[in-house]
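Visitor: Have a look at this one.
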Amino acid sequence: MLQARILADLIVIFHAAYVAFVVFGLLAILAGIVFRWGWVRNIWFRVIHLTMIVIVVGEALAGVPCPLTIWEKQFRIQAGQTGYIGDFLGYWAHRLLFYNADPWVFTLIYTVFGLAVLAAFVLAPPRLSRGKVSGEGARPPAPAA
């Protein structure tokens, strides 16, 4: 039972980290555009960020519940818990993540946020490397024969 409770709390913490990466990632990208931070155009960061929100939006549009939520609830039941009570971290991570609203509200929020991420991806596209985009490191033109 203790193992199930610990697993449920770990899932909540991972879930919170997932949400934080998506939300704060977009804020960092937008700030990076304004302040010209090169790291926000890293291709891996941007593709992972976009993929993560696409998964959330896809689940919401398809009406598929989040697997993390399902697993957490299953572990809570296995641990003999009826609600979302638990240790401090698990309790507060859960309180920050979940709100009571109709499912369409969340689908709308996820979709709008996903479109914002996609817009940032298009308006400030990621770069493979700094040198290739700016022309640094490119071969000099061949001399005319």
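The values are calculated or read from the model by the stated rules, or taken from the named source; none is laboratory data. Model, not experiment: these values are computed from the prediction. We place every Cβ from the backbone using ideal geometry, glycine too, and count neighbours over all the protein chains shown.
Visitor: From the list Val56, Val64, Val23, which one is farther than 20 Å from Pro126 by Cβ, modelled with pLDDT under 95 and among the β-branched types (Val, Ile, Thr)?
Guide: Exactly one of Val56, Val64, Val23 is farther than 20 Å from Pro126 by Cβ, modelled with pLDDT under 95 and among the β-branched types (Val, Ile, Thr), namely Val64.
Visitor: To continue, here is another question. Counting only residues that are surrounded by fewer than 16 Cβ atoms within 10 Å (Cβ to Cβ) and among the small types (Gly, Ala, Ser), how many does segment 7-32 have?
Guide: Looking only at that region, the number is 3.
Visitor: In segment 109-145, how many residues are charged (D, E, K, R) and modelled with pLDDT of 60 or more?
Guide: 1
Visitor: Here is a further query. Of the conditions (1) at pLDDT below 95; (2) surrounded by 16 or more Cβ atoms within 10 Å (Cβ to Cβ), Gln78 fails just one. Which one is it?
Guide: So the condition that Gln78 fails would be (2).
Visitor: Looking at Val34, Val47 in this structure, which one is more than 23 Å from Phe106 (Cβ to Cβ) and at pLDDT 95 or above?
Guide: When all the criteria are applied, what remains is Val47.
Visitor: If you scan segment 102-132, which residues turn out to be surrounded by 11 or more Cβ atoms within 10 Å (Cβ to Cβ), in a helix (DSSP H, G or I) and touching a residue at least 12 places away in the same chain (Cβ under 8 Å)?
Guide: Within segment 102-132, Phe106, Thr107, Tyr110, Thr111, Phe113, Gly114, Ala116, Val117, Leu118, Ala120, Phe121, Arg130 meet the criteria.
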